[in-house]
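Working notes, beginning with the structure itself.
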Number of protein chains: 2
Amino acid sequence: MIETQPAKRPSSPNYDIVIVGAGPVGLMLATCLARWGYTIKHIDNRSEPTPTGRADGIQPRSLDLLRNMGLKSAIMAHKPARVYEVAFWDPPKSGNGIVRTGTWASCPSFIDARYPFTTLLHQGLIERVFIADLAKSGNKVQRPWTITGFKTDEQANPEYPVEVQLKHTDGTFEETVHAKYLFSGEGARSFVRDELKIGIKHKDPISNVWGMKCTIHSENGSIMVIPRENNMVRLYIQIASSTDPNFHPRKTATEAEVQATAKKILQPYFIEWERVEWYSVYPIGQGISERYTLDQRVFLGGDACHTHSPKAGQGMNTAFLDALNLAWKIHAVEAGFADRELLKTYEPERKEVAENLLNFDNKYAKLFSTRPSADTVQAASEQKPALQSGGGAEDDNDFIRTFKESCEFTSGYGVAYSPNSLNWSPDHAARSPLIHPQGTNLRTGRLMINADVTRVVDANVVHLEQEIPLNGAFRLYVFGGHPVRNRKALADLAAHLARPDSFFGSHLRADMDQVSHHDCLNPHSRFFSVCTILAARRSDIEISRDVPGLLARYRDLVYADDIWSRRVPDARAAAHAKLGLDEDKGAGTVEALNEYFAAFTANKKLGASETRPQL
Amino acid sequence: MIETQPAKRPSSPNYDIVIVGAGPVGLMLATCLARWGYTIKHIDNRSEPTPTGRADGIQPRSLDLLRNMGLKSAIMAHKPARVYEVAFWDPPKSGNGIVRTGTWASCPSFIDARYPFTTLLHQGLIERVFIADLAKSGNKVQRPWTITGFKTDEQANPEYPVEVQLKHTDGTFEETVHAKYLFSGEGARSFVRDELKIGIKHKDPISNVWGMKCTIHSENGSIMVIPRENNMVRLYIQIASSTDPNFHPRKTATEAEVQATAKKILQPYFIEWERVEWYSVYPIGQGISERYTLDQRVFLGGDACHTHSPKAGQGMNTAFLDALNLAWKIHAVEAGFADRELLKTYEPERKEVAENLLNFDNKYAKLFSTRPSADTVQAASEQKPALQSGGGAEDDNDFIRTFKESCEFTSGYGVAYSPNSLNWSPDHAARSPLIHPQGTNLRTGRLMINADVTRVVDANVVHLEQEIPLNGAFRLYVFGGHPVRNRKALADLAAHLARPDSFFGSHLRADMDQVSHHDCLNPHSRFFSVCTILAARRSDIEISRDVPGLLARYRDLVYADDIWSRRVPDARAAAHAKLGLDEDKGAGTVEALNEYFAAFTANKKLGASETRPQL
């Protein structure tokens, strides 16, 4: 569908989406939508992917996501550096030079992370992993092309309302296309944002404290040292101070000048360069876009929405999650599952995250300046994860609470969306108390809690949260409790799911009868993949006896909750216990789920009819 | 150095080794020796790697080895099946058909394995991983070529005493080369073995019980079902019974006949074929070569030495370890470290393993026929690893003891070499009681025990046993105990290592002064990589203060023993505890190591001089 050098055509071609920019946000969006079958016109004004430099930190939660997309092993094949700890160096109380004043875990054990480290790899290598994946479905970024204009007209063209003008950067070719959506992943200088006259709210940069790796503050300035693949290190070297009242960041400095500054800061230690891979000088600007979309047709994401200190290591990670958030919503709407209103949740969810990101530097600066002894930090790091809703234990002091919040935030596990139609709260249209039962450790608007379980069909020990690949479907986890004591409840659940008026039964595949028996992810509906987790040993579970037919159809997604966890050492069924669900009774009813999904599906009458089960 | 179609030449070229056969054993040997800088002439009589079928099981210990060589991720990229359990199906006590009568873990938790499963992948894909790795150093298998003759003459050509005639299988080209060694990895029909007139001792095949995956015995015969990559399964279908007094295995049967047999065996269940990837009929022959080498110049390995039921899933794994065993010994001799006598240890070490492999079927058959209840098996599987020398707890009954031995054997963790100059025993020339101190859980002639530790320089949590890649060097693990209480002992150890008459100081690199500071594996000697493990928290270790200079030069190999292990939950330093080494005092002296290495190094006077430290 995509040509790199299209000639002028008589009639304008149609695409599901035009994506401008092939950095992390544009590539993630394209990869998701391409996999789910959408047609994409993807352009970038650079003639090749990022050759060197730029963002290089993948946070623990982003690595989970990349693994879920099957891209983690390609990333790890580059042997990135893994950062488990931050070391701080400061001037000593007496004397000159610098001394190490503490080390903090990047992702302390109170966060229940699969990969409790930051993965550091040159952005160009990460981009190429996405580009290779896109190539598998025949998608290619058209380079070097740029956007020159666009307009939305729902009345003139209800199906493809966005008209976009594109041209080759050398002006030799031009193209006009129509699309359902236009996405700007253009970075800080966004043509689309400027055209829409969306303003940027600027914030003061805080450049003297950052949250990761090895930070060195001396009387001569600050340096952050970041390990990288192939024994390289990246140095962020402060060449002007923002605390100076006449702060005016320099935009030019020679390599030698910067190196001389680094040498001074690091005294009494010395540093030499074997070679310089990349070098750049830039002022740190912080700002946030006032809107992410005006009409739910043209969207912004990534650096086009939020620019900040690169040193927080959050840019690429926030970009990934902007794209993921938008991708599944576009899919839910275009595939006919959700109401178009759903797209209105993109901006508030993601903008709040960006606001938190910009506030983070400030918070962390304060946190660091009041930091207590190394032992207190160590003790805080080694706390068990806060399993209760709402976070930390009550006896935590201010420091520990802020420390934990910061760690959760930088790891990516702290992203929390506020209540809306998706993120349940007592104000949600769905009123059933079963939606968020008392005692659960799950927090609405947050990631599911990680858990190890045993897959029943082949006895493989697996990461439950990774078992369903990112396939654009909702994931239903049926925590069934004890299979014998709970047999009737499970059968009822399956029977209610099967009803044609349930949220599930009303979204079946038209080609359900032709689905291969190998497809255990979406045999009934493209919108749902269903896992069943039973609180029993694998050897005691017999799928044909213990799992109702509808759930058993997902035979690769039936699990025994029989793997011991150090986080809940006394639990009989650790996954149930970690999530705070009853090990005997399990949790969930179809009625509650009907109410929940009715809040944003196109079909508002879920569960209202009297028809019989159809599956 | 290698040409695929060399023309006849006037003078014969020299190679370090000629390898005949590019199956698992030949490829493993070539990969090791190529990495360590040896020149190789490698031929195979097939025109391409195994296209389909053949051995497909990688045992846990082999996966450790592949990871250590950096090849595991390429294997896992093919998404092999992982087999965690074996299921058994038999005729019911009353009635017809088959019922599941039990499931056993493939690698129960009493074995302290990193990867407690069998990895199943078509052999051709595994071969291609090695071939791709060899290509990186410019090595290529010359195909389709075969060996037509060879002779060894140490007197005529002391440096390259083995003359080998090779020819293209179509007879168009011939070549004569000279080499230090000739290796036959030709498989069961070995030209080299036949030429040497080495006999095969045949054994009766036992075909009714095998050790893995899903075994089905019905009144109509037996089937073993083995999961494979891409949702495939491999079926071993018995079409004639060895228990029949007139047993004469059929060498031909049509695909349809074999499928009909399978359908009968599986009653009352049914089976259909979507497609057949590969199909073959063969009798199971078991035999073992009487010798592996006659002159320590021409060696055999892999199937050329031992053929057996493919169903034990051990063929490729035994082949890998044959090759590894020979590779490091050739390297130690050719690089000048070890006495040529060392090569005489290859045959007895590897032949004993093959004998055990052939005895295994018998043992396992008996074990299975006397198997007790599922609960007893489960309880046995879940026992903690036997940490005491000599294996199982004293109150284990015969069944449990044999069950454990079998599991250890099939996992590869049970390989045990008998005492010789390498594998210490009280009869060894080295008499120091410190060589194998009382209380240690390490067993001579066995693998090191796995352990997690924290790398001090970057706080990465790592698998200690994987930290030194397979680089042809001996691995010295200095378990230093508590760094403060043990400071003097560590300093003494370093000082004695540094002496020019120590096993270490007498094998320094000639280019030691030019070694890059990035090389933390072999900065002093190509024969040794040195790890230091301290029983302290990472944050309490300061390398410049706690680790003597010689050991600190291996700065990437300094570890904190501060990771909790469920296997020794009360230990302060889990790695020390798992190995049974004192958490305070650590273990090891240079004098004991001098004695040990003197038993097989070229230099027999280690530690005898009065010279001063040189490092």
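Out of A:Ala179, A:Ala135, which single residue is away from every other protein chain (no Cβ under 14 Å), open to solvent by less than 20 Å² (accessible area, probe 1.4 Å) and not in a loop (DSSP other than H, G, I, E, B)? Even if it seems obvious, please write down each step before you answer.
Values: A:Ala135 fails: open to solvent by less than 20 Å² (accessible area, probe 1.4 Å).
Going through A:Ala179, A:Ala135 in turn, the sole match is A:Ala179.
Looking at B:Val129, is it more than 30 Å from B:Glu195 (Cα to Cα) and open to solvent by less than 40 Å² (accessible area, probe 1.4 Å)?
Criteria met by B:Val129.
Give me the helices (runs of 4 or more DSSP H) completely within segment A:23-89, filtered to those with at least 1 residues that are within 14 Å of chain B (Cβ to nearest Cβ) and among the β-branched types (Val, Ile, Thr), ordered by residue number.
A:72-76
Quick one: in segment A:315-329, which of the residues that are under 13 Å from A:Leu63 (Cα atoms) and in contact (Cβ under 8 Å) with a residue 40 or more places away in the chain is farthest from the chain's Cα centre (by Cα)? It would help to see each step written out before you state the result.
The first filter runs over segment A:315-329 and keeps only residues under 13 Å from A:Leu63 (Cα atoms), leaving A:316-318, A:320-321.
From the residues that got through so far, the ones that are in contact (Cβ under 8 Å) with a residue 40 or more places away in the chain too are A:316-317, A:320-321.
Numbers: A:Met316: 10, A:Asn317: 6, A:Phe320: 5, A:Leu321: 3 Å.
Looking at the filtered set, the residue picked out is A:Met316.
Quick one: would you say A:Ile226 is hydrophobic (A, V, I, L, M, F, W, C), open to solvent by less than 50 Å² (accessible area, probe 1.4 Å) and in a loop (DSSP other than H, G, I, E, B)?
Judged against the criteria, A:Ile226 is not a match.
When you scan segment B:27-39, do you find a residue that is closer than 12 Å to B:Gln142 by Cβ, out of contact with any His (no Cβ under 6 Å at 6 or more places or on another chain) and either at pLDDT 95 or above or acidic (Asp, Glu) (or both), even just one?
Our first condition is that a residue be closer than 12 Å to B:Gln142 by Cβ; within segment B:27-39, this holds for B:30.
After this cut, where a residue has to be out of contact with any His (no Cβ under 6 Å at 6 or more places or on another chain) as well, the list is none.
Taking every residue of segment B:27-39 in turn, none turns out to be closer than 12 Å to B:Gln142 by Cβ, out of contact with any His (no Cβ under 6 Å at 6 or more places or on another chain) and either at pLDDT 95 or above or acidic (Asp, Glu) (or both).
Run A:Leu581 past the list (1) in contact (Cβ under 8 Å) with a residue 24 or more places away in the chain; (2) away from chain B (no Cβ under 14 Å); (3) in contact with a helix residue (DSSP H, G or I) (Cβ under 6 Å, 6 or more places away or on another chain); (4) among the hydrophobic types (A, V, I, L, M, F, W, C) and report the number of the one that doesn't hold.
Condition not satisfied by A:Leu581: (3).
Is at least one residue of segment A:490-497 within 32 Å of the chain's Cα centre (by Cα) and either more than 28 Å from A:Glu334 (Cα to Cα) or of a type in the set (S, T, N, Q) (or both)?
Yes, because at least one residue in segment A:490-497 is within 32 Å of the chain's Cα centre (by Cα) and either more than 28 Å from A:Glu334 (Cα to Cα) or of a type in the set (S, T, N, Q) (or both).
Looking at segment B:138-176 only, could you name the residues that are outside any strand (DSSP E or B) and open to solvent by less than 10 Å² (accessible area, probe 1.4 Å)? Steps first, answer last, please.
Quick first cut of segment B:138-176, residues outside any strand (DSSP E or B) only: B:138-141, B:143-144, B:153-161, B:169-173.
Residue satisfying the conditions is B:Pro161 alone.
If a residue must be more than 11 Å from every other protein chain (Cβ to nearest Cβ) and either more than 24 Å from B:Cys407 (Cβ to Cβ) or open to solvent by 20 Å² or more (accessible area, probe 1.4 Å) (or both), how many such residues does segment B:91-110 contain?
Count: 10.
Conditions first: (1) polar (S, T, N, Q); (2) within 11 Å of chain B (Cβ to nearest Cβ); (3) over 30 Å from B:Arg567 (Cβ atoms). A:Asn522 passes all but one, so which condition is the exception?
(2)
Looking only at segment B:327-341, which residues are surrounded by 20 or more Cβ atoms within 10 Å (Cβ to Cβ), of a type outside the set (Val, Ile, Thr) and in contact with a Lys or Arg (Cβ under 8 Å, 6 or more places away or on another chain)?
Answer for segment B:327-341, where residues must be surrounded by 20 or more Cβ atoms within 10 Å (Cβ to Cβ), of a type outside the set (Val, Ile, Thr) and in contact with a Lys or Arg (Cβ under 8 Å, 6 or more places away or on another chain): just B:Ala338.
Can you find a residue that is open to solvent by 10 Å² or more (accessible area, probe 1.4 Å) and touching a Phe, Trp or Tyr at 6+ places or on another chain (Cβ under 8 Å) anywhere in segment B:68-81?
No, there is no match, as no residue in segment B:68-81 is open to solvent by 10 Å² or more (accessible area, probe 1.4 Å) and touching a Phe, Trp or Tyr at 6+ places or on another chain (Cβ under 8 Å).
Give the number of residues within segment B:111-132 that are within 14 Å of another protein chain (Cβ to nearest Cβ) and not basic (Lys, Arg).
To start, the set of residues in segment B:111-132 that are within 14 Å of another protein chain (Cβ to nearest Cβ) comprises B:113-120, B:129, B:132.
Then drop every residue that is not not basic (Lys, Arg), which leaves B:113, B:115-120, B:129, B:132.
Final tally of qualifying residues: 9.
Okay, residues lined up against (1) part of a loop (DSSP other than H, G, I, E, B); (2) modelled with pLDDT under 95; (3) over 17 Å from B:Tyr477 (Cα atoms); (4) open to solvent by less than 60 Å² (accessible area, probe 1.4 Å):
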{"residue": "B:Leu551", "(1), (2), (3), (4)": "no, no, no, yes"}
{"residue": "B:Lys585", "(1), (2), (3), (4)": "yes, yes, no, no"}
{"residue": "B:Glu591", "(1), (2), (3), (4)": "no, yes, no, no"}
{"residue": "B:Asn594", "(1), (2), (3), (4)": "no, yes, no, yes"}
{"residue": "B:Leu606", "(1), (2), (3), (4)": "yes, yes, yes, yes"}
{"residue": "B:Glu610", "(1), (2), (3), (4)": "yes, yes, yes, no"}
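Is it the case, given these coordinates, that A:Asp546 is within 14 Å of another protein chain (Cβ to nearest Cβ) and of a type in the set (D, E, K, R)?
Spelling it out, it is not the case that A:Asp546 is within 14 Å of another protein chain (Cβ to nearest Cβ) and of a type in the set (D, E, K, R).
Whether any residue in segment A:8-23 is loosely packed, with under 15 Cβ neighbours inside 10 Å, modelled with pLDDT under 90 and touching a Gly at 6+ places or on another chain (Cβ under 7 Å) is what I want to check.
So far as segment A:8-23 goes, no, none of its residues is loosely packed, with under 15 Cβ neighbours inside 10 Å, modelled with pLDDT under 90 and touching a Gly at 6+ places or on another chain (Cβ under 7 Å).
Mind counting the residues in segment A:41-89 that are among the small types (Gly, Ala, Ser), touching a helix residue (DSSP H, G or I) at 6+ places or on another chain (Cβ under 6 Å) and under 29 Å from A:Ser190 (Cα atoms)?
2
Enumerate the helices (runs of 4 or more DSSP H) found wholly within segment A:296-402, keeping only those where 1 or more residues are farther than 27 Å from A:Phe130 by Cα and modelled with pLDDT under 70.
In segment A:296-402, the matching helices (runs of 4 or more DSSP H) lie at A:346-369, A:374-381.
The values are calculated or read from the model by the stated rules, or taken from the named source; none is laboratory data. The model shown is predicted, which means the values in this text are computed figures rather than measured ones. All Cβ positions, glycine included, derive from the backbone under ideal geometry; neighbour counts span all protein chains shown. With ligands, DNA and RNA removed, areas are computed over all heavy atoms of the protein, side chains included. Shrake-Rupley method; radii C 1.70, N 1.55, O 1.52, S 1.80 Å.
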